[in-house]
Amino acid sequence: MTLTAERTRGPAAGRRGRPGRSRQGRETLLLMLPALIPVLIFSVGPLLYGIYLAFTDARSGRNSVTSFVGLSNFGDLLTDGDFWASFRIGLIWAVSVTVLQFVAALGLALLLNENLRFRAFTRVLAMVPWAMPPVVIGLMWRLVYHPNAGILNSTLQGVGLLDHNVDWLNDFSIALPAVIVVGIWTGMPQTTVVLLAGLQGVPRELHEAGHVDGATTWRRFWSITLPQLRPVIVTITSLDFVWNINQFGLVYVLTQGGPGGQTRLPMLFAYEEAFRYGFFGYAATLGVAIVIVVLAVLGIYIGRQMREVS
Amino acid sequence: MRTRTALVAAATAIAALTAGCSSGDGGDGGKAGEPVSLKFLSLAWQKESVAANKEIVDEWNKANPDIKVEYVQGSWDNVNDQLVTSFEAGDPPDVIHDDSPALAGFASRGYLLDLSGKVPADLKSDIPQAAWDTVTFGDGKGGQGVYGVPFLQESQVIIANKKLLDKAGVSVPTPEDPWTWDEFEEISKKLTKGDTFGVAWPLKSPVNKALNLALNFGGTFFQTDGAKATVKVGPEEREVLQRIHDQLYKDKTADPSALGMGTADPLPGFYAGKYAMLPASVYLRQQVVEQAPSGFEWVTIPPLKGTSADQGAASQTLSVAADSKYPDQATKFISFFLNSTNQAKLAKGDWLLPTSVKAASDPSMTTEENGWNVATASAKNLVVAPYLKVNGFDEWKSKVATPALQQYFANKITLDEAAKTLVDEGNKVLERYNK
């Protein structure tokens, strides 16, 4: 989004005369100042402080002395098996939640876009997960997954699919998939809304033309709807990916990273390093590393999509 | 970091100055005109225990209008994260309820006030040295200090279904002559019939339980060489791990589906007769009393004996924050809060064991009702848990030991593999703290 904004601004500013530009620039700065100050204090400041911490050995404690250690935290990070395990889990989580969420949300959006009865009602219903804070969602699903009293076990046993209680959130191999399902459920509303808005922007004439030409429903979806939706899809999947890889609250409530670190996402790992073990410097390094990874992934992905679109 | 520490230091300096001024005006009397207010972070969570805590605080506030204590409710789930942030921000609660494993780390980081010499003599002598050992830690600068007053301890007992024991002809042992682990295994076999398992081991958080019980066979899991601690898993350490594993997979007397459960989770199955015995902490008796269906008969079985009946003990504690503006008043409040009468109330409220010798001899602590006599008698088996003195134990526990032991008990890795992980990975973790 910023890329295109800057591109359009560039030539327009160049056309204006030089002296006028500098005066206007000063005025703009003056007008922006009230908005800039909070941004600098509450956003840029902590960010720079966090980056600075990443190069120190800051630890919690009243009698701890902080010194600058250069890149040694990053060196430790690269050889830290726990970090790589957590990073791998983070990628599995972020990619699978984003992809599955997209597929499910697209299906739901297509359905809600049809002229169904009670459409308004179902649309509201589909938004429900959005209205809940992640902590409440976590608590709710913990009850759903409860090994003895959970509705999931009793339903599956009632249908005859299971013959014993499964402890969904404590089983080494099931915990991560179980948490992923909750992640998909949680993020579906906003993805659905955005896709639905996109679908409604697809001109009706195109579909009608396709229909007249005898294209099948599938063919119309593949050749008309999808290409038209493309910018929306790029935006929402990249945003979803960033949200998901930085997910914390939901998983913290569901499993606290357990069992045995099987659901320890990178942010949980950083949180534990900082607030449980007190290694602030190392935790900041982790944060910086994740920012770099996210920027790199997004840069490649968005860059390619933009090039294809233009 | 540096700026924040500087700020905190400045704040403390100002606080110290103002405190100094006010006390300089006229000693204790000077404070009379200026009532102080303390924040007391309590982690009591059982209903009776919260009530007991609040009652004692009210009593104090009535007797001491100058030192007002505000009860703040905390939770065991996130207390240590909460405390780290409030310590770093320089605004911690004055009086802090926590447990000894957490104190070790806080003490070495200088967050807590050293109470040695500050605790009144009668309270000091009422609590045995073994309990004081659970709150004595290094101060991170080469010295030692007492960083809290220990008041509640727990031991591991076995809660059993009386009817199933009677049916199998098993008699309940006395605290003087407890079952050995071998006898326990035989009896578990006798009790395993049809749908009923002899025992359920809820091992969702296996580390503290395993380490505390390992002392039955002298397993300490850590050896310290000066200030440096390393992990050790020898034959003594393996004994209890192997025996629990055998019950699960060799004898098949323990229900494997209870493995992922937390301490209280097997209770519904226990009431339903699915398990005959439940190794648990003494406090679980409260839930059994409250929730068991009418007509359900149960007994408390004394701790098992290996080469000894020793169990590792940690304590619940009250500490004073180093940043507290009123450390003397806070210590005074703790001394009142933990006198023997109040300790008996608190122990009853939480169904745990008081550290106070006088409180333990209270008739309500020695009655046969609800197994209090067995529970109170088990206090003599408690020795300070070796892991308390290990800097970095918490990280070792959550990163290395919890997954390794969970996998071992789930029969995914062998004991040799688990031991190797505990030692190799464990020493790597401890290395960071030994620097």
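See the values below:
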read-out: Boolean, B:Gly140 is within 14 Å of chain A (Cβ to nearest Cβ), assigned to a loop (DSSP other than H, G, I, E, B) and over 25 Å from B:Met365 (Cα atoms); value: yes
read-out: Cβ-Cβ under 6 Å pairs, at least 6 apart or on other chains, region B:362-378 side in contact (Cβ under 8 Å) with a residue 60 or more places away in the chain and not assigned by TED's automatic domain parsing to the domain that holds B:Asn342, far side in a helix (DSSP H, G or I) and crowded, with 20+ Cβ neighbours inside 10 Å; value: B:Asn370/B:Arg285; B:Gly371/B:Arg285
read-out: From the options A:Val135, A:Val159, A:Val99, residue that is of a type outside the set (Ser, Thr, Tyr) and either within 14 Å of chain B (Cβ to nearest Cβ) or in contact with a helix residue (DSSP H, G or I) (Cβ under 6 Å, 6 or more places away or on another chain) (or both); value: A:Val135
read-out: Members of region B:264-320 found to be away from chain A (no Cβ under 14 Å), in contact with a strand residue (DSSP E or B) (Cβ under 8 Å, 6 or more places away or on another chain) and in a helix (DSSP H, G or I), listed by number; value: B:Leu284, B:Arg285, B:Val288
read-out: Some residue of region B:106-120 being aromatic (Phe, Trp, Tyr) and either away from every other protein chain (no Cβ under 14 Å) or more than 18 Å from B:Gly148 (Cα to Cα) (or both); value: no
read-out: Test for A:Leu71: is it surrounded by 18 or more Cβ atoms within 10 Å (Cβ to Cβ) and more than 25 Å from B:Ala104 (Cα to Cα); value: no
read-out: Selection count where residues are farther than 23 Å from A:Ala274 by Cβ and in a loop (DSSP other than H, G, I, E, B), scope region B:99-129; value: 10
read-out: Pick from region B:244-262, criterion touching a strand residue (DSSP E or B) at 6+ places or on another chain (Cβ under 8 Å) and within 14 Å of chain A (Cβ to nearest Cβ), ranking: nearest to A:Tyr145 (Cα to Cα); value: B:Ala258
read-out: Hey, B:Val240 in a loop (DSSP other than H, G, I, E, B), in contact with a helix residue (DSSP H, G or I) (Cβ under 6 Å, 6 or more places away or on another chain) and either assigned by TED's automatic domain parsing to the domain that holds B:Glu425 or within 16 Å of B:Val423 (Cβ to Cβ) (or both) or not; value: no
read-out: Region A:53-63 - residue that is at the interface with chain B (Cβ under 7 Å from one of its Cβ atoms) and of a type outside the set (Lys, Arg) and, of those, surrounded by the most Cβ atoms within 10 Å (Cβ to Cβ); value: A:Ala58
read-out: Residue among B:Ala375, B:Ala419 that alone is crowded, with 22+ Cβ neighbours inside 10 Å and either closer than 29 Å to B:Ile334 by Cα or of a type in the set (A, V, I, L, M, F, W, C) (or both); value: B:Ala375
read-out: Test for B:Asp362: is it in contact with a helix residue (DSSP H, G or I) (Cβ under 6 Å, 6 or more places away or on another chain) and surrounded by fewer than 21 Cβ atoms within 10 Å (Cβ to Cβ); value: yes
read-out: Of residues in region B:385-409 being within 11 Å of chain A (Cβ to nearest Cβ) and charged (D, E, K, R), the one farthest from B:Thr134 (Cα to Cα); value: B:Lys399
read-out: Residue satisfying all of: in region B:47-70; touching a helix residue (DSSP H, G or I) at 6+ places or on another chain (Cβ under 6 Å) and over 17 Å from B:Pro327 (Cα atoms); farthest from the other protein chains (Cβ to nearest Cβ) among these; value: B:Ile56
read-out: Candidates A:Ala274, A:Ala284, A:Ala270, filtered to the one that is under 21 Å from B:Ala102 (Cα atoms), in contact with a Leu (Cβ under 8 Å, 6 or more places away or on another chain) and either at pLDDT 90 or above or within 14 Å of another protein chain (Cβ to nearest Cβ) (or both); value: A:Ala270
read-out: Residue match in region B:147-165 (condition: within 14 Å of chain A (Cβ to nearest Cβ), at pLDDT 90 or above and surrounded by 21 or more Cβ atoms within 10 Å (Cβ to Cβ)); value: yes
read-out: Filter result (of a type in the set (Asp, Glu) and within 21 Å of the chain's Cα centre (by Cα)) within region B:114-138; value: B:Asp114, B:Asp126, B:Asp133
read-out: Hits in region A:25-60 - residues which are part of a helix (DSSP H, G or I), β-branched (Val, Ile, Thr) and within 26 Å of A:Leu71 (Cβ to Cβ); value: A:Val44, A:Ile51
read-out: Verdict on A:Gln262 being among the polar types (S, T, N, Q), closer than 30 Å to B:Thr421 by Cβ and buried (at least 22 other Cβ atoms within 10 Å of the Cβ); value: no
read-out: Subset of region B:134-144 (residues that are crowded, with 19+ Cβ neighbours inside 10 Å and touching a residue at least 40 places away in the same chain (Cβ under 8 Å)); value: B:Thr134, B:Val135, B:Phe137
read-out: Enumerated helices (runs of 4 or more DSSP H) restricted to region A:165-236, each holding at least 3 residues that are of a type outside the set (S, T, N, Q) and within 19 Å of the chain's Cα centre (by Cα); value: A:175-200
read-out: Any hit, region B:242-252, residues being without any contact (Cβ under 8 Å) to a residue 12 or more places away in the chain and surrounded by 15 or more Cβ atoms within 10 Å (Cβ to Cβ); value: no
read-out: Residue that is farthest from the other protein chains (Cβ to nearest Cβ) [pool: residues in region A:238-261 that are among the aromatic types (Phe, Trp, Tyr) and farther than 20 Å from A:Phe172 by Cβ]; value: A:Phe241
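This table checks each residue for (1) in contact (Cβ under 8 Å) with a residue 60 or more places away in the chain; (2) buried (at least 19 other Cβ atoms within 10 Å of the Cβ).
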| site | (1), (2) |
| --- | --- |
| A:Leu162 | no, no |
| A:Asp171 | yes, no |
| A:Val179 | yes, yes |
| A:Gln190 | yes, no |
| A:Pro203 | no, no |
| A:Ser223 | no, no |
| A:Leu229 | no, yes |
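This table checks each residue for (1) crowded, with 20+ Cβ neighbours inside 10 Å; (2) within 18 Å of B:Ala379 (Cα to Cα); (3) free of Cβ contacts under 8 Å to residues at least 24 places away in the same chain.
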{"site": "B:Phe296", "(1), (2), (3)": "no, no, no"}
{"site": "B:Thr300", "(1), (2), (3)": "yes, yes, no"}
{"site": "B:Ala314", "(1), (2), (3)": "yes, yes, no"}
{"site": "B:Ser319", "(1), (2), (3)": "yes, no, no"}
{"site": "B:Ser324", "(1), (2), (3)": "yes, no, no"}
{"site": "B:Lys332", "(1), (2), (3)": "no, no, no"}
{"site": "B:Ser335", "(1), (2), (3)": "no, no, no"}
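The values are calculated or read from the model by the stated rules, or taken from the named source; none is laboratory data. Source: prediction; values computed, not measured. FYI the Cβ positions are ideal-geometry reconstructions off the backbone, even for glycines, and counts take in every protein chain you see.
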